[in-house]
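The values are calculated or read from the model by the stated rules, or taken from the named source; none is laboratory data. Remember, it's a predicted structure, so these values are computed and weren't measured experimentally. Neighbour counts run over all protein chains shown; Cβ positions are idealised from the backbone, glycine included. Note: accessible area is taken over every heavy atom of the protein model, side chains too, but ligands, DNA and RNA are not part of it. Shrake-Rupley method; radii C 1.70, N 1.55, O 1.52, S 1.80 Å.
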Amino acid sequence: MKRLKRFAVSTLLILLIFSSCRGNERITKSEFALDTVVTLNLYSRKDEWIIEPFFRYLRELEGILDRYDEKSELRMVNEKAYSEEVVLSDVLFDVISKGFEIARETDGAFDIAIGPLVDLWQIGTRTSLPEGGDVERALSLSSWEYLDLDEEKHSIRFQKDGMSLDLGGIGKGYIASLLMEYLKENGVERASLNLGGNISLLGDGEHGKYWRIGIRRPEDDRSDYVDVIEVSSGRNVSTSGGYERYSIFDDGKRYSHIISPKTGYPVEGDLASVTVVSTDASLADALSTASYVVGSEGLEELSEKFSVRIIALKGDQSIETYDATNASP
Ligand code: ADP
Ligand code: MG
């Protein structure tokens, strides 16, 4: 399949708030990757050399996890894993294992095996509503429960013909975690990374000890924040929402790119956006997607189960925070 063309409207739901104070001499580099804008901010001239290998490493990881890239390992897995057991690279096995665990623990609200449904709906490209029968068929193939992962062999096998993995809900967070590790291993002490709405922070913030992240009102003026949250070094902030990527179908309704693995239909939740803060970037990414699926009813439970902070922006613009971490921001 060709890479899906994306998207009518693309706005950012969260933004790192910069400071113009002295002591914040910032070196910024942005590139388009992973179907989004990736921005690295460094705060010391001594770290500048890392920009080039950093983005090279990012491209390398993208080359493994992008299922629309004909040469990617994930693409190969999706083509072969029904007919044969496929042994995976460490990186791919690791992210799939993490996604598999989160699928199990969220009772399938987050599901890496959602490929057939994502392909059917083609949110952002398609405008004619799929037939109910096609939704049923794709739904019957889209479940983590039909994946066989072998810890010892590092291998995967699909139980049903037509299954496929989609790492769109965890890949950016997972890549962010490896990139932040890379920065630390190379002596970088202060940095911020924005990978299309997945923000990772290292070291002191631009406003003192904490970094400040603005949560935007969807579809509104870019400078307008509904809320500003503070986060400390080592935290990762990820937001999902139905407003940044969607399709307007021929019934005139707007459909979000997050699909309910229970119904097979795009989520029509009560949240405008939902933001998750965690020390684990993969978890923050996956749980922001899961949170959008379960809606405000399920957020307290998710926050407790995974020890994360969740900030929900409801459709009526009210903000609700669930925080079971009992830690510093
Ligand atoms: P984005 O990647 O646009 O920031 P998300 O992190 O919320 O947004 O991920 C949404 C993507 O995850 C979708 O574009 C799709 O590829 C995939 N996806 C959609 N629904 C689900 C789901 N219920 N579970 C896991 N992944 C999903
Ligand atoms: Mg996500």
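Here are some notes:
- Extreme residue, farthest from Gly171 (Cα to Cα), among residues of the range 63-77 that are in a helix (DSSP H, G or I) and open to solvent by less than 30 Å² (accessible area, probe 1.4 Å): Val77
- Residue list for the range 113-133, restricted to those being more than 17 Å from the chain's Cα centre (by Cα) and part of a helix (DSSP H, G or I): Pro116, Leu117, Asp119, Leu120, Trp121, Gly132, Gly133
- Residue match in the range 241-250 (condition: touching a Ser or Thr at 6+ places or on another chain (Cβ under 9 Å), outside any loop (DSSP other than H, G, I, E, B) and modelled with pLDDT of 95 or more): no
- Of residues in the range 171-196 being assigned to a helix (DSSP H, G or I) and acidic (Asp, Glu), the one surrounded by the most Cβ atoms within 10 Å (Cβ to Cβ): Glu181
- Counted residues, the range 221-232 - those being surrounded by fewer than 17 Cβ atoms within 10 Å (Cβ to Cβ) and assigned to a loop (DSSP other than H, G, I, E, B): 4
- Flag for Glu48 being open to solvent by 70 Å² or more (accessible area, probe 1.4 Å), in a loop (DSSP other than H, G, I, E, B) and free of Cβ contacts under 8 Å to residues at least 60 places away in the same chain: no
- Matching residues, the range 78-112, being in a loop (DSSP other than H, G, I, E, B) and within 16 Å of ligand 2 (Cβ to nearest atom): Thr106, Gly108, Ala109, Phe110, Asp111, Ile112
- Selection count, the range 282-291, where residues are open to solvent by 10 Å² or more (accessible area, probe 1.4 Å) and hydrophobic (A, V, I, L, M, F, W, C): 1
- Within the range 205-215, the presence of at least one residue that is assigned by TED's automatic domain parsing to the domain that holds Asp270, within 16 Å of Leu13 (Cβ to Cβ), within 16 Å of ligand 1 (Cβ to nearest atom) and touching a strand residue (DSSP E or B) at 6+ places or on another chain (Cβ under 7 Å) is confirmed.
- Criterion applied to Arg157, Arg137 was being closer than 28 Å to Arg245 by Cα, open to solvent by 20 Å² or more (accessible area, probe 1.4 Å) and either part of a loop (DSSP other than H, G, I, E, B) or not small (Gly, Ala, Ser) (or both), and the one residue passing it is Arg137.
- Considering only residues in the range 301-323 that are open to solvent by less than 30 Å² (accessible area, probe 1.4 Å) and among the aliphatic types (A, V, I, L, M), the one that is nearest to Asp280 (Cα to Cα) turns out to be Val308.
- Boolean, Gly252 is open to solvent by less than 20 Å² (accessible area, probe 1.4 Å) and either away from ligand 2 (no atom under 15 Å from the Cβ) or not acidic (Asp, Glu) (or both): no
- Residue in the range 147-162 that is hydroxyl-bearing (Ser, Thr, Tyr), within 16 Å of ligand 1 (Cβ to nearest atom) and touching a residue at least 60 places away in the same chain (Cβ under 8 Å) present: no
- Of all residues in the range 313-327, none satisfies being assigned to a helix (DSSP H, G or I) and hydroxyl-bearing (Ser, Thr, Tyr).
- Among (1) part of a helix (DSSP H, G or I); (2) in contact with a Phe, Trp or Tyr (Cβ under 9 Å, 6 or more places away or on another chain) - the single one Val276 does not satisfy: (1)
- Subset of the range 272-290 (residues that are over 16 Å from Glu101 (Cα atoms) and modelled with pLDDT of 95 or more): Val274, Thr275, Val276, Val277, Ser278, Thr279
- Among the candidates Ala286, Ala312, Ala290, Ala281, residue that is closer than 24 Å to Gly171 by Cβ, in contact with a strand residue (DSSP E or B) (Cβ under 6 Å, 6 or more places away or on another chain) and either of a type in the set (S, T, N, Q) or within 13 Å of ligand 2 (Cβ to nearest atom) (or both): Ala281
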